[in-house]
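Here the structure comes first, spelled out in structure tokens, and everything after it is commentary.
What follows is calculated from the coordinates using simple rules that are stated; it is not laboratory data. Every value quoted in this text rests on a predicted model; they were computed, and no experiment measured them. Glycine gets a Cβ as well: all are built from the backbone with ideal geometry, and neighbour counts include every protein chain shown.
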Amino acid sequence: MKKFIYLILVLAISFSCKQNQSTKKDLNPIDKEPTAAQKIANAHGFEHWQHVSEIAFTFAEKRSWIWQPKTNEVTLITAKDTVSFNRKAMDSIAMNVDKAFINDKFWLLIPFQLVWDTSAQISEPVKAESPVHKTLMQKITLTYPNEGGYTPGDAYDIYFDDNYVIKEWVFRKGNQAEPSLANTFEKYQDFNGLKLAEDHKKGDDDWNLKLENIRVVLE
């Protein structure tokens, strides 16, 4: 009887130890290899984003934005008007302005959108010729769901170099096969640790979508 009780205690202790080890493993998982999207975000300074209290920029010489990401306060400044709103509580007017904000912010912060937009699907990287400079690069495709958001179903082919810096992209409206727009990402500057592109060119013509007056404020 004593031997039986002793055996039960040994088994119980053994099971308890295994449970504790399992819990420790769960709490301290082995670091996984970062995805291509995470590597791209990191290459553009994503580790500094947690300290950003305010970011400002001008999109295509038309719209100037001030965004406080921790509170989600947004201000739009144009030649005609100034509009401020909080993205946590939007009326119909704010939603119309927010559509422009989401579009413009996407151009500026696409390296980070790759990890923020968890509803989107991201393909595995492949080697492909870039559309503008015809250079062999790595490519991933970002595809949004057919429902939800301001532009459902859209797709973006992201071309990046061996350092995981974005060099070009292709926008395909509604995930159609033909490109809706293809352009470069150029003139990278460091803004308090964030590496962001100011120029976006099509190639042969003079078209250049500029992101100017970029300002990043840290806590």
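Under a point spin-label approximation (7 Å from Cα along Cα-to-Cβ), what is the residue 208-residue 95 distance to one decimal in nm?
Result: 3.8 nm between the two label points.
At q = 0.11, 0.17 Å⁻¹, work out log10 I(q)/I(0) for the range 35-218 with the Debye formula, treating every Cα as an identical point scatterer and leaving solvent out; two decimals please.
Debye output, listed in q order: -0.48, -1.22.
Sorting 200, 133 on the 10 Å Cβ count, fewest up front, what's the list?
Fewest-to-most Cβ neighbours within 10 Å comes out as 133, 200.
Of all the stretches in the chain, which is the longest one without any exposed loop site, taking chymotrypsin sites (Phe, Trp or Tyr not before Pro) in a DSSP loop (any state but H, G, I, E, B) with at most 15 other Cβ atoms within 10 Å?
Longest stretch, sites excluded: 1-149.
Past the 28 Å Cα-Cα mark, which pairs from 88/139; 105/201; 32/210; 39/187; 88/201; 88/127? Each step should come with its number before you reach the end.
Details: 88/139 34 Å; 105/201 18 Å; 32/210 37 Å; 39/187 20 Å; 88/201 34 Å; 88/127 40 Å.
Result: 88/139; 32/210; 88/201; 88/127 exceed 28 Å.
I'd like the Karplus ³J(HN,Hα) series for the range 32-46: coefficients 6.51, -1.76, 1.60, θ = phi - 60°, whole numbers in Hz, and an x wherever there's a Gly or Pro.
Values, residue by residue: 8, 4, x, 6, 4, 4, 5, 5, 5, 4, 5, 5, 9, x, 4 Hz.
Ranked by Cβ crowding within 10 angstrom, fewest neighbours first, how are 137, 90 ordered?
Going from sparsest to densest Cβ surroundings: 90, 137.
Tell me the net charge near residue 111. Cut-off is 11 Å between Cβ atoms, residue 111 excluded, with +1 for each Lys or Arg and -1 for each Asp or Glu.
Overall, the nearby charge balance is +2.
Starting from the amide H of residue 45, placed 1.01 Å from N in the peptide plane, find each other amide H under 5 Å away whose residue is 5 or more places distant or on another chain.
Amide H neighbours of residue 45: 195.
Net charge near residue 56, counting Lys/Arg +1 and Asp/Glu -1 over other residues with Cβ under 14 Å of its Cβ?
Every neighbour counted, the sum reads -2.
Can you put 218, 142 in order of Cβ neighbours within 10 angstrom, beginning with the fewest?
218, 142
Grab the Cα-Cα distance for residue 62 and residue 219, subtract it from 0.36 nm times how many residues apart they are, and report the gain in nm with one decimal. Working shown, then result.
On the way: separation 157, 0.36 × 157 = 56.52 nm, distance 2.82 nm.
So the chain would gain 53.7 nm between residue 62 and residue 219.
Output wanted: per-residue J couplings in Hz (rounded whole) for the range 165-173, from phi through Karplus 6.51 cos²θ - 1.76 cosθ + 1.60, θ = phi - 60°, x for Gly and Pro.
3J(HN,Hα) across the range 165-173, in whole Hz: 9, 5, 10, 8, 8, 10, 9, 10, 5.
Which loop trypsin sites (Lys or Arg not before Pro) in the range 127-176, with loop taken from DSSP, have no more than 11 other Cβ atoms within 10 angstrom of their Cβ?
134
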